[in-house]
There are 2 protein chains.
Amino acid sequence: MPKNCNFVEKLREVGLRPTKQRIKMCEVLYNREKTFHFTINDLVKMISEKMNEKISLATVYNTVHAFEKKGYLKEISIDSQKSYFDTNTSAHHHFFDEDTHELIDCDESDIDKINIKKNITGKKINSVEVLVRVASDNQTQK
Amino acid sequence: MPKNCNFVEKLREVGLRPTKQRIKMCEVLYNREKTFHFTINDLVKMISEKMNEKISLATVYNTVHAFEKKGYLKEISIDSQKSYFDTNTSAHHHFFDEDTHELIDCDESDIDKINIKKNITGKKINSVEVLVRVASDNQTQK
DNA sequence: CAATAGTTTAGAATTATTATAATGTAGATT
DNA sequence: AATCTACATTATAATAATTCTAAACTATTG
Ligand SMILES: [Mn+2]
Ligand SMILES: [Mn+2]
Ligand SMILES: [Zn+2]
Ligand SMILES: [Zn+2]
């Protein structure tokens with residue numbers, strides 16, 4: 001979703017009614033320079049603290065999943081109890097900072113294209129994702 | 001942990017008391033030809049159904065985490081609510097079958113060594129893991 | 001407008017996991 | 001061998017992320 005686009009129209013286009021909760025969430029998620037990563041909890045905080053708005057937790061979940069299904073959000077695989085989401089929906093790899101629990105995008109140029117030499121019969125490849133775990137140079141890590 | 005090794009001695013070596021629960025779990029986990037992947041729930045089922053033994057859920061969690069800390073188990077990152085564990089503790093990549101929710105090891109030869117060109121200041125790389133999501137060729141996928 | 005299908009919501013339910021605190025036991029000390 | 005003690009096990013409660021439920025609300029259509 002491009003910055004400052006007509007969210008009402010965009011939502012209608014994909015068959016989602018432009019409710020005020022969804023429009024507000026579009027603003028929080030897409031009206032910014034860079035894409036970013038968030039958890040549901042982050043998002044709820046952003047809505048209430050930054051926007052001074054109250055959207056029920058169930059609606060935040062519903063809407064995030066609706067946007068995901070429409071291809072406007074991507075879920076990221078990290079071993080953790082909670083899910084991470086990404087407003088950058090293109091195929092890309094990640095660094096995960098084990099100290100801060102922050103996700104950082106890899107640029108196209110950071111990792112060469114990965115060539116899978118094996119193929120599993122009857123199965124097609126949906127995605128190939130690299131996760132690079134990093135942590136403080138000095139510290140004890142798991 | 002090698003197959004048919006002396007689990008009692010192995011446990012003592014790393015400072016874990018060889019209780020009957022831990023020995024039983026060693027047998028379930030390591031007395032087999034190939035390494036494998038499991039969830040806590042899988043493991044509890046294996047213990048009760050295959051071994052006809054009852055180990056409390058808390059002990060299964062405790063022991064899995066104790067074995068993980070000692071380097072005899074590895075946790076695998078999949079987006080899911082539940083954690084997967086691996087008796088193959090070496091660095092390796094995975095296929096994840098989105099139909100069956102099964103993890104499959106990549107051989108060394110299946111994916112070329114990954115070269116990370118970016119480095120994050122003050123951080124060292126702990127691991128680089130590839131996850132290849134596969135699904136049935138015909139089916140609707142998320 | 002009125003009808004209707006889709007949406008929001010508070011709160012309950014579910015699920016994986018961790019914490020608690022009482023009981024049990026391996027291994028050391030007498 | 002009996003005793004001691006730190007470590008383990010256990011049932012159960014607590015927690016946390018997520019999903020479900022069902023009633024109230026609202027965007028859109030006719
Ligand atoms: Mn999801
Ligand atoms: Mn863990
Ligand atoms: Zn990203
Ligand atoms: Zn594996």
- Of the residues A:Asn41, A:Asn119, which single one is out of contact with any helix residue (DSSP H, G or I) (no Cβ under 7 Å at 6 or more places or on another chain) and assigned to a loop (DSSP other than H, G, I, E, B)? A:Asn119
- Out of all the residues in the range A:33-47, is one or more within 27 Å of B:Ile120 (Cβ to Cβ), away from chain B (no Cβ under 14 Å), within 15 Å of ligand 3 (Cβ to nearest atom) and among the aromatic types (Phe, Trp, Tyr)? yes
- Query: Right, B:Ser109: at the interface with another protein chain (Cβ under 8 Å from one of its Cβ atoms) and surrounded by fewer than 17 Cβ atoms within 10 Å (Cβ to Cβ) or not?
  - Reply: yes
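Condition check ((1) within 15 Å of DNA strand C (Cβ to nearest atom); (2) touching an Asp or Glu at 6+ places or on another chain (Cβ under 6 Å)) across all residues:
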position: B:Met46; (1), (2): yes, no
position: B:Asp86; (1), (2): yes, no
position: B:Glu102; (1), (2): no, no
position: B:Asp107; (1), (2): no, no
position: B:Lys113; (1), (2): no, no
position: B:Glu129; (1), (2): no, no
position: B:Ala135; (1), (2): no, yes
- Task: Starting from residues that are in contact (Cβ under 8 Å) with a residue 40 or more places away in the chain and of a type outside the set (Lys, Arg), keep the ones in the range B:112-142 and report whichever is most open to solvent (accessible area, probe 1.4 Å).
- Result: B:Gln139
- Say we look at the range A:39-49 and pick out the residues that are touching a Lys or Arg at 6+ places or on another chain (Cβ under 9 Å) and open to solvent by less than 40 Å² (accessible area, probe 1.4 Å); which of these is farthest from A:Arg17 (Cα to Cα)? A:Thr39
- Message: What's the number of the only condition in (1) under 30 Å from A:Ile125 (Cβ atoms); (2) more than 15 Å from ligand 4 (Cβ to nearest atom); (3) aliphatic (A, V, I, L, M) that B:Ile111 fails to meet?
- Response: (2)
- Of B:Lys70, B:Lys50, B:Lys117, the only residue that is farther than 30 Å from A:Lys74 by Cα, at pLDDT below 95 and away from ligand 3 (no atom under 16 Å from the Cβ) is B:Lys50
- Query: Only one of these conditions is not met by B:Asp105: (1) in contact (Cβ under 8 Å) with a residue 24 or more places away in the chain; (2) under 24 Å from A:Asp105 (Cβ atoms). Which number is it?
  - Reply: (2)
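The values are calculated or read from the model by the stated rules, or taken from the named source; none is laboratory data. Note that the structure is predicted; figures quoted are calculated from it, not measured. Cβ atoms come from the backbone with ideal geometry, glycine included; neighbour counts cover every protein chain shown. The protein model used for the area step is the full one, side chains on, heavy atoms only, and it has no ligands, DNA or RNA in it. Shrake-Rupley method; radii C 1.70, N 1.55, O 1.52, S 1.80 Å.
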